[in-house]
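The values are calculated or read from the model by the stated rules, or taken from the named source; none is laboratory data. Everything quoted here is computed from the prediction, not taken from an experiment. Note that each Cβ is placed from the backbone with ideal geometry, even for glycine, and that neighbours are counted across all protein chains shown. We work out accessible area using only protein heavy atoms, side chains counted, and drop any ligands, DNA or RNA first. Shrake-Rupley method; radii C 1.70, N 1.55, O 1.52, S 1.80 Å.
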Amino acid sequence: MAEALTKRSADDLRSPICCILGHVDTGKTKLLDCIRRTNVQEGEAGGITQQIGATYFPMENIRERTKELPEAANMRVPGLLVIDTPGHESFTNLRSRGSGLCDIAILVIDIMHGLEPQTIESINLLRMRKTPFIVALNKVDRLYQWKPRNNAPIRTTLQEQERHTKSEFETRTKQIMVQLQEQSLNSELYWKNKDKRKAVSIIPTSAISGEGIPDLLYLLVLLTQEMMEKKLMYVSEVECTVLEVKVVEGLGTTIDVVLVNGVLHEGDQIVVCGMQGPIVTTIRALLTPHPMKELRVKGSYQHHKELKAAQGIKITAQGLEHAIAGTQLYVVGEDEDVETIKEEAMKDMKSVMGRIDKS
Ligand code: GDP
């Protein structure tokens, strides 16, 4: 532990983890697709959106997408891991014992509809979890006579709109800011937002034309770097949450995990919480989908000797049949006592069961 902490440095940051929340049909799936440039919503991944997945965006990709934004220079994190949470149930269930899985969230609001019931639920949930968030004010292309310019930074494209379109944009944005105020939230368009800790930043976007996506990516990186540098400092101690337990043809029972911090190695001895007691096993393979593909998309996997946070990872090992999603994964270090770790792992059982009882 002490060694892990002394190694922390601002030059060695892990990737921030981001969740997407909001009312149904505001465009959460479409926004993710747009960032990824895949088409999950229209069927490439079997059309399934009500599942938990994760997508890793390497920094090269983010740089490419933000190159038209002059201010997007000093990006120090290695990438961004986006957890696909179409509803907010997964967000609730995946919080294990107060350890936050998500560093930051995107709350999606439809500019034509304003705040809707699940928007308010999401706000309350984010508040309860003390998760910082930004607002993607989506579907700007639906404003009357909007002239799209694909993948453009939002201010560039706003400037190019006719006066009446700009005026509609301003009216609708103001209305939504008032609605947010009614929820006791100060908000501001991100380029006017002087104190990003006090007011929520709004980024107008279109998931169809990609407008505002450069701004969204840039802001996610900027805010996480600025507001939570310490939390993002890479440590060698493993922090890892089990998202799903799945049987995969040819691999047996596997677990999909999010490695929040630290590093996992092939051959590591791990302990996971199980229905019938703690499971002590050894990592047989560490697998990831190919970069830019989502964890749930079927296909071949890349094998790794070791993986560094943050990552969505599929782990194969023996005896995972009764592992419980939503719990923590522990690695048994060289000098560590397995029994103590087993006890620690089973504490998660109580908190997971507590959540199930309540719901
Ligand atoms: P989710 O329920 O929040 O995941 O919403 P979806 O991503 O499934 O989107 C709901 C509908 O809105 C779909 O028909 C999308 O094509 C459409 N949609 C999403 N984003 C946009 C956008 O930016 N502009 C327009 N015009 N339509 C959008």
Inset, instruction - May I ask which residue of 209, 240, 154 lies farthest towards the positive end of the charge dipole of segment 140-256, with charges of +1 (Lys, Arg) and -1 (Asp, Glu) on Cβ and the Cα centre as origin? - result: 154
Inset, instruction - Just read off the accessible area of residue 172 with the full protein assembly in place, 1.4 Å probe, to the nearest 10 Å². - result: 60
Legend entry - Nonlocal amide H pairs with residue 310, under 5 Å, H built at 1.01 Å: 15
Inset, instruction - Please work out the FRET efficiency for the pair residue 10 and residue 305, using the Cβ-Cβ distance as r and a Förster radius of 35 Å; give the result to the nearest 0.05. - result: 0.80
Legend entry - lysines with Cα under 27 Å of residue 147, excluding same-chain neighbours fewer than 8 positions away: 28, 30, 67, 139, 166, 174, 192
Legend entry - Chain lengthening between residue 251 and residue 68 when straightened (0.36 nm per residue, less Cα-Cα): 61.6 nm
Inset, instruction - Provide the solvent-accessible area of residue 227, counting protein heavy atoms only and rolling a 1.4 Å probe, rounded to the nearest 10 Å². - result: 50
Inset, instruction - Treat each spin label as a single point 7 Å out from the Cα along the C-beta direction, and report the residue 24 to residue 237 distance in nm. - result: 4.2
Inset, instruction - Would you kindly derive the ³J(HN,Hα) couplings of segment 110-125 from the backbone phi angles with the Karplus curve 6.51 cos²θ - 1.76 cosθ + 1.60 (θ = phi - 60°), listing them in order in whole Hz, with x for Gly and Pro? - result: 7, 4, 7, 10, x, 6, 10, x, 6, 5, 5, 4, 4, 4, 5, 5
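Round to the nearest 0.05 the FRET efficiency obtained for residue 344 and residue 229 when R0 = 25 Å and r is the Cβ-Cβ distance. It would help to have the intermediate numbers written out before the result.
Working: r = 28 Å, r/R0 = 1.12.
Once rounded, the FRET efficiency stands at 0.35.
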Inset, instruction - With label points built 7 Å along Cα→Cβ from the Cα atoms of residue 192 and residue 149, find their separation and express it in nm. - result: 2.1
Inset, instruction - From largest accessible area down, sort 191, 146; use a 1.4 Å probe on the protein chains. - result: 191, 146
